[in-house]
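**Q** Before we start, here is the structure in question, set down as structure tokens.
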Amino acid sequence: MITSKYHGDYTVGWICALPKEQTAAILMLDARHPDLPKAQTDANAYILGSIGCHNVVITCLPMDCYGTNQTARAAAQMLNTFSSVKITLMVGIGAGIPTKVKLGDVVISTEWTQWDSGKTKNGVFEHVGKRYFPPEELSCAMSKLQAEHNLDETKIQQQLDKLRSENQKLSPKYTSIENCGNSEGHPHQGGENGASQIYKGSNNARVHYGLIASGNQVVKDASLRDEIDSRLQSKVLCIEMEAAGLMKFPAVIVRGICDYADETKNDDWQEYAATVAAICGKELLNCVHPSSTSTVHTELISGDPYRFFHQYEGKNPGYFDYSLGPTLTRKDNLTKEEEREIISHLPVDDFSAKQNSLFKRRQRGTGQWFLNSPEYQTWLKEKGILFCQGIPGVGKTIMTSIVIDDLTERYSNDMSVGIAYVYFGFKDTAQLSLEHLMLSLVKQLALRQPLLPSCIRDILEWKKGTFPLSQDIRKSLFNVIAFHSRTFIIIDALDECRNDLAAFLEVLFTLRQDQYINIFATLRYIPEIEDRFSGISIQLEIRAIEEDVRNYLESQILQRGTRVLKNNKAIVQEEIWRAAQGMFLLAHLYFESIKNKLTMTKINKALESLASGDGAYDRIYQDIMDRITEQDLESRNLAYKILSWITYATRPLKKEELQRAVAVELDETEIEEINRGVSRYEFNFDPRDVPEIEDMISVCCGLITVDAESGVVRLVHYTTQEYFERTGSC
């Protein structure tokens with residue numbers, strides 16, 4: 001009887017895409033092991049066993065789910081549960097390139113790439129996907145296997161005969177080409193002068209070594225197959241759908257050829273191809289020296305199957321030094337709770353407070369046109385960039401909050417999908433360093449997981465009192481993204497990133513090449529930035545559609561308007577929509593200017609004076625400042641103080657800070673000494689002089705807003721800041 005092992009005893013992962021591939025993989029096991037517990041968030045189902053001296057964990061993608069995304073997810077979950085896995089085999093079926101391979105042959109990857117990763121320029125697709133290679137140790141194992149095959153034929157036929165005799169209930173399709181439909185061969189139109197050629201399958205299967213092309217669609221078209229081969233310098237031996245999901249894993253891909261990716265594609269050869277691929281996978285694994293994977297000894301701690309004490313023979317902690325494993329959790333190390341506590345207190349904003357505040361401000365139902373757009377729906381389904389520009393005031397930031405909420409709801413039960421975001425602002429985040437931005441993304445992605453990924457342990461050094469090193473943060477970002485099957489990174493107001501913008505874009509573009517990520521970015525029309533995204537992104541203009549603006553105005557009128565305004569809301573909606581010209585901010589400011597009007601005469605006069613066209617913002621801001629000036633002296637002075645403090649403060653001010661600041665009264669001597677930097681005063685204030693925040697908002701006539709989550713008082717828009725800085729009006 002096989003005794004139960006620990007999670008840390010398994011050092012080889014074996015991933016299949018189809019149940020028939022998993023059947024073939026199970027047949028390769030020399031012994032089966034009892035199941036082990038796993039986290040509720042791990043959706044994989046595992047078969048445990050051994051091949052030779054290697055302990056192997058086998059998993060299969062969900063039924064009828066294929067592609068690179070599912071593969072990356074399965075691999076990440078497997079490595080989180082079995083953190084000592086150092087070798088990953090992706091074994092199953094694939095389509096061959098005629099004249100290079102035949103049905104029943106096997107292709108082992110010396111490299112692989114994603115064939116559908118690239119850009120279209122002038123109507124021509126340009127492949128820009130990187131190529132990925134097995135680690136040197138696995139490449140050496142391939143050399144050994146090939147050398148043995150040169151001396152003696154493969155053990156494929158010998159293993160097939162053994163399987164047939166030992167598994168009487170096994171379908172003959174797994175072990176003989178006589179049960180593979182047209183066993184005489186597969187017709188393929190090609191060759192010189194378009195002559196029909198036959199590429200026969202046989203029991204004398206050959207093993208080939210070379211390039212495997214991976215993509216996210218089934219190829220059943222000879223012309224597309226040949227185009228893929230041509231894109232990759234005619235080096236492709238096999239086309240399949242999963243390998244690109246293992247871009248960041250020490251892996252090797254083994255494929256049995258079951259068709260030629262053309263119009264005659266069928267399932268006849270799949271079982272046989274899966275079996276011969278599994279046999280070669282086992283042969284390859286037996287060429288890997290046991291010391292390469294079995295140096296980890298584990299001791300179960302306190303009966304907890306998820307915490308292990310690892311001791312390594314030698315200085316190198318594991319054969320393959322890659323960041324997803326193994327997890328070094330020692331008895332004297334931090335607990336998972338302590339790790340999460342440190343991550344949660346990293347000195348960077350996770351922007352959650354701003355997201356909550358912004359989303360509460362959006363009018364229910366607005367932005368649905370954007371979520372339903374073909375561009376957004378395409379972006380959801382495919383790896384890529386959604387690049388969204390818009391004029392000032394159309395609601396780009398609110399739209400960003402709607403997108404974040406949609407993604408959070410859409411993937412609320414799928415922890416394999418990462419979501420992280422950055423809100424740039426004209427003051428509070430514009431000067432953030434690249435390290436702060438990357439660390440914020442790491443923090444958000446790590447805290448989304450119920451268990452802290454082992455791959456971000458480097459940044460836990462921050463506990464020692466120093467900010468994490470830039471290279472550690474960058475490494476952690478790349479690794480925590482690789483932990484997810486796909487990751488969404490959302491960036492609002494990219495043009496407001498005034499510090500390290502070029503470096504931040506370089507990080508994003510590198511991530512896009514190496515990882516399965518989707519990037520969403522909003523900004524004003526900035527040609528220099530637009531050029532960086534040209535040809536590599538889906539572009540969609542953000543605008544305020546009439547239905548959304550009208551719904552917003554109706555809600556504001558019914559909630560905050562006077563009785564006469566409510567009785568004439570249709571007229572008010574029409575005139576404000578006409579003047580606002582698709583800008584939410586103008587609609588908001590126009591409403592603020594008339595919300596307290598008590599007669600229709602005054603409402604009509606105000607509506608007739610609404611500015612539109614070029615310079616509308618400057619005119620409406622000037623009108624608001626005129627209204628502030630027309631207030632009584634005390635209200636006017638308070639408004640000027642508030643606007644000056646917010647505009648010229650070196651950092652955002654919370655409402656309590658702003659209340660105290662405007663309560664301080666300075667004489668001319670004190671002001672002069674402050675300006676000269678020689679003030680010796682410790683300014684005190686009388687608590688009775690502190691104004692109420694509601695009154696402060698009122699005297700500013702709609703130019704300021706209070707963040708409900710953080711309590712920060714802000715100008716209503718960055719164009720307001722620009723107006724005051726340009727005109728000195730406050």
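The values are calculated or read from the model by the stated rules, or taken from the named source; none is laboratory data. On a predicted model such as this, the values are computed, not experimentally measured, just so you know. Glycine also receives a Cβ, built like all others from the backbone with ideal geometry; neighbour counts cover every protein chain displayed.
**Q** With Ile628, Ile620, Ile646 as the choices, which residue is under 30 Å from Gly582 (Cα atoms), surrounded by 11 or more Cβ atoms within 10 Å (Cβ to Cβ), modelled with pLDDT of 85 or more and touching a Leu at 6+ places or on another chain (Cβ under 7 Å)? Talk me through it step by step, then tell me what you get.
**A** On the way: Ile628 fails: touching a Leu at 6+ places or on another chain (Cβ under 7 Å); Ile620 fails: modelled with pLDDT of 85 or more.
Exactly one of Ile628, Ile620, Ile646 is under 30 Å from Gly582 (Cα atoms), surrounded by 11 or more Cβ atoms within 10 Å (Cβ to Cβ), modelled with pLDDT of 85 or more and touching a Leu at 6+ places or on another chain (Cβ under 7 Å), namely Ile646.
**Q** Could you list, in sequence order, all residues of the range 523-557 that are assigned by TED's automatic domain parsing to the domain that holds Leu508 and among the aromatic types (Phe, Trp, Tyr)?
**A** Tyr525, Phe533
**Q** Return only the number of the condition from (1) at pLDDT below 75; (2) surrounded by fewer than 15 Cβ atoms within 10 Å (Cβ to Cβ) that Ile342 does not satisfy.
**A** (2)
**Q** Sticking with this structure for a sec: Criterion first (modelled with pLDDT of 75 or more, buried (at least 24 other Cβ atoms within 10 Å of the Cβ) and farther than 17 Å from Gln77 by Cα) does Leu441 satisfy it? Even if it seems obvious, please write down each step before you answer.
**A** Numbers: modelled with pLDDT of 75 or more: yes; buried (at least 24 other Cβ atoms within 10 Å of the Cβ): yes; farther than 17 Å from Gln77 by Cα: yes.
Here the answer is yes, as Leu441 does meet what is asked.
**Q** Kindly evaluate Leu151 against the criterion of being surrounded by fewer than 15 Cβ atoms within 10 Å (Cβ to Cβ) and either over 18 Å from Leu103 (Cβ atoms) or over 42 Å from the mean Cα position of the chain (by Cα) (or both).
**A** yes
**Q** For the range 142-150, indicate whether the set of residues that are assigned by TED's automatic domain parsing to the domain that holds Tyr272, in contact with a Pro (Cβ under 9 Å, 6 or more places away or on another chain) and modelled with pLDDT of 80 or more is non-empty. Break it down into steps so the answer makes sense when it comes.
**A** Going through the range 142-150, the residues assigned by TED's automatic domain parsing to the domain that holds Tyr272 turn out to be 142-150.
Now restrict to residues that are in contact with a Pro (Cβ under 9 Å, 6 or more places away or on another chain): 142.
Then drop every residue that is not modelled with pLDDT of 80 or more, which leaves 142.
So far as the range 142-150 goes, yes, one or more of its residues are assigned by TED's automatic domain parsing to the domain that holds Tyr272, in contact with a Pro (Cβ under 9 Å, 6 or more places away or on another chain) and modelled with pLDDT of 80 or more.
**Q** Please go through (1) surrounded by fewer than 20 Cβ atoms within 10 Å (Cβ to Cβ); (2) within 26 Å of Arg512 (Cβ to Cβ); (3) among the aliphatic types (A, V, I, L, M) for Met63 and return the number of the only condition it doesn't satisfy.
**A** So Met63 meets the others, but not (2).
**Q** Please verify whether the range 369-383 includes one or more residues that are touching a His at 6+ places or on another chain (Cβ under 7 Å) and among the β-branched types (Val, Ile, Thr). Give the derivation first.
**A** As a first pass, look at the range 369-383 and keep what is touching a His at 6+ places or on another chain (Cβ under 7 Å): none.
Checked against the condition, which is being touching a His at 6+ places or on another chain (Cβ under 7 Å) and among the β-branched types (Val, Ile, Thr), the range 369-383 yields no hits at all.
**Q** Looking at Leu334, is it outside the structural domain of Tyr525 (by TED's automatic domain parsing), among the aliphatic types (A, V, I, L, M) and either part of a loop (DSSP other than H, G, I, E, B) or modelled with pLDDT of 65 or more (or both)?
**A** yes
**Q** Here is a further query. Going by the structure shown, is Pro135 assigned by TED's automatic domain parsing to the domain that holds Arg231, loosely packed, with under 14 Cβ neighbours inside 10 Å and at pLDDT below 90?
**A** In short, no.
**Q** Name every residue in the range 347-386 that is at pLDDT 90 or above, touching an Asp or Glu at 6+ places or on another chain (Cβ under 8 Å) and outside any helix (DSSP H, G or I), in order of residue number.
**A** Leu386
**Q** Taking the residues in the range 385-407 that are of a type in the set (Val, Ile, Thr) and within 18 Å of Arg524 (Cβ to Cβ) as candidates, determine which candidate is nearest to the chain's Cα centre (by Cα).
**A** Ile385
**Q** For a quick check of your reading: which helices (runs of 4 or more DSSP H) sit entirely within the range 539-647 and have at least 2 residues that are farther than 19 Å from Phe724 by Cα? If you could, list the steps in order and put the result at the bottom.
**A** Values: elements: 546-560, 563-567, 569-580, 584-594, 600-608, 616-629.
The helices (runs of 4 or more DSSP H) meeting that bar are 546-560, 563-567, 569-580, 584-594, 600-608.
**Q** Pick from the range 500-538 the residues that are over 30 Å from Glu574 (Cβ atoms) and assigned to a strand (DSSP E or B): which of them is farthest from the chain's Cα centre (by Cα)?
**A** Among residues in the range 500-538 that are over 30 Å from Glu574 (Cβ atoms) and assigned to a strand (DSSP E or B), the one farthest from the chain's Cα centre (by Cα) is Leu523.
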